[in-house]
Amino acid sequence: MSITLRNVRKDYDAQTEVLKDISVKVETGEFFVIVGPSGCGKSTLLRMIAGLTPITAGEVSIDDKVVNDLPPKARKLTMVFQNYALFPFMNVRDNVAFGLKARKMDQADIKQRVDEALKMVSLTELANRKPQTTRVIGGVNGSGWR
């Protein structure tokens, strides 16, 4: 599944421009990361792609089909939310792998992707801990896993 953003913009009102002229194409199979300081619009961008937040201008396409007017369910995307998104009975590794397993990916591919993701965010050493023993802090006031 490819995702394309063309000149996407998000304004909350006439004075509050959150995202301006975002254009990118993520090809099928690519691993893409959105990074930035707290409050810069990362979650807003993801919510717009998923159809949970309307865009102000531009186009969101999935597999080269413009989906601006499609409801979230019709976009066939999965989004893991920052808050209350962890399964408390599963360890960090299994929580990260959950969406890939749901898509019935090959086990070797899942392991590779999960290992890469954990390493990228410095969570390798916490991979076998359950969320109750791993403090998760995020959002505008947060600073990561502890």
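Only loop residues by DSSP count here, and only those with at most 12 other Cβ atoms within 10 Å; note down the trypsin sites (Lys or Arg not before Pro) in the stretch 1-87 that meet that. Walk me through the numbers on the way to the answer.
Details: sites: Arg6, Arg9, Lys10, Lys20, Lys25, Lys42, Arg47, Lys65, Lys73, Arg75, Lys76; in loops: Lys76.
Answer in residue order: Lys76.
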Item to check | Over the chain: helical MRE at 222 nm, DSSP H runs n ≥ 4 each giving -39500 (n - 2.57), nearest 500 | outcome: -7000 deg cm²/dmol
Checklist entry - In this model, which of Lys73/Lys101; Lys76/Lys101; Lys20/Lys65; Lys10/Lys111; Lys42/Lys65; Lys65/Lys119 are farther than 26 Å apart at the alpha-carbon? => result Lys10/Lys111; Lys65/Lys119
Item to check | Proximal charge balance of Asn7 [Cβ under 15 Å; K/R count +1, D/E count -1] | outcome: +1
Checklist entry - If you stretched the chain out fully between Arg129 and Ala108, how much longer would it get, using 0.36 nm times the residue separation minus the C-alpha to C-alpha distance? => result 5.4 nm
Checklist entry - In nm, what is the difference between 0.36 nm times the number of residues separating Val121 and Met79 and their Cα-Cα distance? => result 13.3 nm
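Determine the dipole magnitude for the chain: charges of +1 sit on the beta-carbon of Lys and Arg, -1 on that of Asp and Glu, nothing else is charged, the reference point is the Cα centre, and the result goes in debye to the nearest 20.
Details: 22 positive and 16 negative charges, 107 e Å.
I would put it at about 520 debye.
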Checklist outcome for this item: Between the modelled labels at Lys25 and Ser38 (7 Å from Cα along Cα→Cβ) the distance in nm is 3.7
Checklist outcome for this item: Sparse-neighbourhood loop hits (chymotrypsin sites (Phe, Trp or Tyr not before Pro), the stretch 1-105; DSSP loop; Cβ within 10 Å at most 10 others) -> Phe31, Phe32, Tyr84, Phe89
Checklist outcome for this item: the chain, Gaussian network, Cα under 10 Å: of Asn95, Asn128, Asn68, the residue fluctuating most is Asn128
Checklist outcome for this item: Connecting every pair of Cα atoms under 10 Å apart in the chain and solving the GNM, the largest mean-square fluctuation among Gly99, Gly36, Gly51 falls on Gly36
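We did not get these values from a lab; they are worked out from the coordinates using the rules stated. It should be emphasised that the depicted structure is a prediction, and the values quoted were computed from it without experimental measurement. We place every Cβ from the backbone using ideal geometry, glycine too, and count neighbours over all the protein chains shown.
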